[in-house]
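The numbers here are math on the coordinates, done by the rules we state, and not lab data. Since this is a predicted model, take the numbers as computed values, not measurements. When we count neighbours, we look across all protein chains shown, and the Cβ atoms used for this are built from the backbone with ideal geometry, even at glycine.
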Amino acid sequence: VSTGEITIDAAKEIALKDAGLTSSQVYFKKAKLDRDDGRMVYDVEFICNGYEYEYEIDRATGAILERDVERAD
């Protein structure tokens, strides 16, 4: 039975594809389901080459709602 919702692994892949990276290039800091403004989203964070990538991905559609890249501490 398909609910039309994406999985956490699919959310990770969406973030990686957007960043132009592969899972073997990054260290995942966080990937979890969260609620934001009444909708379910995945918070995905990973580090690669001294940069920290943060994504918020809509669980229902797989759309990237927010993205942020900054120098890792």
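Below, the figures for the structure above:
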{"quantity": "Gain in span if fully extended, ARG39 to ALA60, counting 0.36 nm per residue against the direct Cα distance", "calculated": "6.7 nm"}
{"quantity": "Modelled label reach - ARG71, point 7 Å along Cα→Cβ, the range 25-58 residues with backbone N closer than 16 Å", "calculated": "48-53"}
{"quantity": "Structure-derived Rg/Rh (Cα atoms, Kirkwood Rh) - corresponding label in (i) 0.93; (ii) 1.07; (iii) 0.98", "calculated": "(iii)"}
